[in-house]
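Novice: Structure provided below as structure tokens; questions to follow.
The values are calculated or read from the model by the stated rules, or taken from the named source; none is laboratory data. Remember, predicted model here, so these are calculated numbers, not experimental data. Cβ placement follows ideal geometry from the backbone for every residue including glycine, while neighbour counts extend to all protein chains displayed. Note: accessible area is taken over every heavy atom of the protein model, side chains too, but ligands, DNA and RNA are not part of it. Shrake-Rupley method; radii C 1.70, N 1.55, O 1.52, S 1.80 Å.
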Amino acid sequence: SGEFMPGGEYMLLHKNGNLVPVQSIHTAVTIPGKNPLLFCIDVDLSERKRVEMQLQKARDQLEQRVRERTSALAKVNEELRKEIKQREQVEKALRNAEQRFRTIFENTLIGMYRTTPDGRVLMANPALVKIMRYSSFQELQKVNLEKQGFHPKYPRSLFKKRVEKKGKVIG
């Protein structure tokens, strides 16, 4: 029994000079008294190799897109974290400003209030409730300033015109 090349993947030389990938299966047949015979079955792997290369290329492209998308998402995520942090800082500043406003609003000796355009009282500080001689904000809130609460010489309509014209009323 002589040695022969084992089966596997090989490159064969095509008549045009190109290399052809093949899966080669080798079988040796020994007949007593005769030289061993080697049977070779070669399967052309060109199409399979072409498809494998296309699949590898597609995998590489997909991996690149995944890396790019992951990078883009990481950037967006970081931007969102920064925005959340900024919003938290703004909310904290607003809470502090609201607390300062409430402290001033509740404790000042000057009467302050806020109404709707149709005359409903939305908020009033304790000083105004006291100045107006109401027993509570709830009692003052029942008043419609379109109908009462302003002196006839200085009607609410004049007040509203000044606010619309100048944005504020002083004095």
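Novice: Give me the accessible area of K168, 1.4 Å probe, in Å² rounded to the nearest 10.
Specialist: About 120 Å², rounded to the nearest 10.
Novice: Hey, another quick one. So, with +1 on the Cβ of K and R and -1 on the Cβ of D and E, and no other charges, what is the size of the charge dipole of the stretch 39-131 about its Cα centre, to the nearest 20 debye? Could the numbers behind the result be given before it?
Specialist: Details: 20 positive and 15 negative charges, 111 e Å.
Here the stretch 39-131 has a charge dipole of around 540 debye.
Novice: Let me ask another. As a check on your grasp of the helix formula, calculate [θ] at 222 nm for the chain: sum -39500 (n - 2.57) over DSSP H runs of n ≥ 4, divide by the residue count, round to the nearest 500.
Specialist: Working: 4 runs with 84 residues, N = 171.
My calculation for the chain gives -17000 deg cm²/dmol from helical runs alone.
Novice: Under 27 Å from the Cα of K49, which lysines turn up, not counting those fewer than eight places away in the same chain?
Specialist: K15, K57
Novice: Of the candidates F101, F137, F39, which one comes out as most mobile in a Gaussian network treatment of the chain with C-alpha springs shorter than 10 Å?
Specialist: For the chain, modelled as a Gaussian network with Cα springs under 10 Å, the answer is F39.
Novice: Okay, moving on. Of the candidates R95, R50, R81, which one comes out as most mobile in a Gaussian network treatment of the chain with C-alpha springs shorter than 10 Å?
Specialist: R50
Novice: Rounded to the nearest 5, what % of DSSP beta bridges with both residues in the stretch 1-152 are antiparallel? List each step's numbers first, then the result.
Specialist: Values: 18 of 18 bridges.
The antiparallel proportion sits near 100 percent.
Novice: How long is the gain from H14 to Y154 if the chain were fully straight, where each residue apart is worth 0.36 nm and the alpha carbon distance is subtracted? Working shown, then result.
Specialist: On the way: separation 140, 0.36 × 140 = 50.40 nm, distance 10.88 nm.
Full extension of this stretch gives 39.5 nm more.
Novice: Just grab the label-to-label distance for R162 and L38, each label 7 Å out from Cα along the Cβ direction, in nm (one decimal).
Specialist: The modelled label-to-label distance comes out at 11.4 nm.
Novice: Taking springs between alpha-carbon atoms closer than 10 angstrom, which of A72, A28, A97 fluctuates most in the Gaussian network model of the chain?
Specialist: A28
Novice: Can you pull the percent of Cα pairs in the stretch 49-171 with separation above 26 Å? Walk me through the numbers on the way to the answer.
Specialist: On the way: 4123 of 7503 pairs.
Pairs farther apart than 26 Å: 55 percent.
Novice: Mind giving me the FRET efficiency for A74 and Q54? R0 is 22 Å, r the Cβ-Cβ distance, nearest 0.05 is fine. Don't skip to the end; give the middle numbers.
Specialist: Details: r = 30 Å, r/R0 = 1.37.
The calculated FRET efficiency here is 0.15.
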